[in-house]
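Novice: Sharing a structure below in structure tokens format, with a few things to ask.
The values are calculated or read from the model by the stated rules, or taken from the named source; none is laboratory data. Bear in mind that the values here come from a model prediction, so they are computed numbers and not experimental data. As a convention, Cβ positions derive from the backbone with ideal geometry for all residues, glycine included, and neighbour counts pool all protein chains shown.
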């Protein structure tokens, strides 16, 4: 399963597909497993993806994943380091999300 969620192309296509009529809920269910079991891989794949649409799905998944690693997760330092290298804007967005909730 790890290899599947390391595929930036797959994650990108799912995000784009979520923008199609009636597909949001179905695609969101596909993300349930990696959110719970492989959040590191999903977040890093998202950080390298550049979908042309699907912002609602992207926002929802990121709002779940970013606080996990900005909190007290065992892999936080490694994941955040890679996240910063891959996508500084996303890293800053995560910090802003965290501050917004406080």
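Novice: Regarding segment 35-52, can at least one residue be identified that is surrounded by fewer than 14 Cβ atoms within 10 Å (Cβ to Cβ), farther than 18 Å from residue 98 by Cα, at pLDDT 95 or above and over 10 Å from the mean Cα position of the chain (by Cα)?
Specialist: yes
Novice: Is it true that some residue in segment 25-34 is loosely packed, with under 15 Cβ neighbours inside 10 Å, under 22 Å from residue 82 (Cβ atoms), out of contact with any strand residue (DSSP E or B) (no Cβ under 6 Å at 6 or more places or on another chain) and at pLDDT 90 or above?
Specialist: Yes, the conditions are met somewhere in segment 25-34.
Novice: Among the candidates 65, 70, 80, which residue alone is crowded, with 16+ Cβ neighbours inside 10 Å and within 12 Å of the chain's Cα centre (by Cα)?
Specialist: 65
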